[in-house]
Amino acid sequence: MSDLEFYSLTLDRWADFERLFGPRGACAGCWCMYWKLPRKEFNAGQGEGNRLDQKAIVASGRTPGLLAYVDGVPAGWCAVEPRASYPTLGRSRILKPVDDTPVWSVTCFYVDKRYRRQGLTVALLRAVVDYVSRQGGKVVEGYPTEPRQEKAPPPFVYTGLSSAFLQAGFVEAARRSETRPIMRYYLK
């Protein structure tokens, strides 16, 4: 990839986020709200409701993640915030907290079709580590998948692949499922 840049999602970049996610909100109207809302609220808001909820978060001054640009074009997204921003994780038997360590959670990736399988997820993870470090975070945690099939459809690997996390320097911290390790990057 040629010119690669990363920026926090802020209101002045909201139009780029919408452009990247398209009219369907990335995947079935998610707008990256899946881990933030109780399932009933998430399902009721699929589409416009979830888009408006995410926009309200951005308008409040919170940064829900990073956008990746290739040659000035929005090409990828990675959701990252302190784990407390994702209450659904705490209700997961498989993804419940490993310990009491405060972590920043990487919960979702979305990469435009034109830029998939080119290392953008690994680059996003490295940018996330830099971002969390600047915010004073000490541990970045992710919840990738290890598909049983050689090539899984993109909607099934939205939390990333373990191989990308390993390439970005993450290590396995826990595993409560054969296909869902919890990966961590420890900042110094």
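The values are calculated or read from the model by the stated rules, or taken from the named source; none is laboratory data. If you're wondering where the values come from, they're calculated on a predicted model, not measured in any experiment. Here Cβ is always computed from backbone atoms with ideal geometry, including for glycine, and neighbour counts include all displayed protein chains. The area values use the complete protein model at the heavy-atom level, side chains included, leaving out ligands, DNA and RNA. Shrake-Rupley method; radii C 1.70, N 1.55, O 1.52, S 1.80 Å.
Take the conditions (1) over 16 Å from residue 81 (Cβ atoms); (2) buried (at least 21 other Cβ atoms within 10 Å of the Cβ); residue 100 misses just one of them, which is (2).
Which condition from (1) open to solvent by 40 Å² or more (accessible area, probe 1.4 Å); (2) touching a helix residue (DSSP H, G or I) at 6+ places or on another chain (Cβ under 6 Å) is the one that residue 23 breaks? The one condition residue 23 does not meet is (2). Per the conditions (1) modelled with pLDDT of 95 or more; (2) of a type outside the set (A, V, I, L, M); (3) over 17 Å from residue 7 (Cα atoms); (4) open to solvent by less than 50 Å² (accessible area, probe 1.4 Å), the sole criterion not satisfied by residue 74 is (3). Across the range 35-56, the number of residues qualifying as surrounded by fewer than 21 Cβ atoms within 10 Å (Cβ to Cβ), in contact (Cβ under 8 Å) with a residue 24 or more places away in the chain and outside any helix (DSSP H, G or I) comes to 2. Figure legend. Inter-residue proximity from the range 70-83: first residues within 12 Å of residue 9 (Cα to Cα) and touching a residue at least 40 places away in the same chain (Cβ under 8 Å), second residues open to solvent by 10 Å² or more (accessible area, probe 1.4 Å) and part of a strand (DSSP E or B), beta-carbon distance below 6 Å, spacing 6+ or different chains. Indicated pairs: 76/111; 77/110; 78/109; 79/108; 80/104. Hey, any hits in the range 100-121 for a residue that's modelled with pLDDT of 95 or more, more than 24 Å from residue 9 (Cα to Cα) and assigned to a loop (DSSP other than H, G, I, E, B)? Among the residues of the range 100-121, at least one is modelled with pLDDT of 95 or more, more than 24 Å from residue 9 (Cα to Cα) and assigned to a loop (DSSP other than H, G, I, E, B), which makes the answer yes.
Do the conditions hold for residue 62, that is, is it open to solvent by 60 Å² or more (accessible area, probe 1.4 Å), under 17 Å from residue 159 (Cβ atoms), without any contact (Cβ under 8 Å) to a residue 40 or more places away in the chain and among the basic types (Lys, Arg)? So residue 62 does not fit the description; no.
Looking across 121, 107, 145, one residue alone is in contact with a Gly (Cβ under 7 Å, 6 or more places away or on another chain), crowded, with 16+ Cβ neighbours inside 10 Å and hydroxyl-bearing (Ser, Thr, Tyr). It is 121.
Can we say residue 158 is within 22 Å of residue 4 (Cβ to Cβ), surrounded by 14 or more Cβ atoms within 10 Å (Cβ to Cβ) and touching a strand residue (DSSP E or B) at 6+ places or on another chain (Cβ under 7 Å)?
yes
If you take the residues in the range 19-34 that are closer than 25 Å to residue 73 by Cα and not in a helix (DSSP H, G or I), which one is nearest to the chain's Cα centre (by Cα)? So, considering only residues that are closer than 25 Å to residue 73 by Cα and not in a helix (DSSP H, G or I), the one nearest to the chain's Cα centre (by Cα) is 32.
Selection over the range 59-85 of residues that are assigned to a helix (DSSP H, G or I) and more than 15 Å from the chain's Cα centre (by Cα) gives a count of 1.
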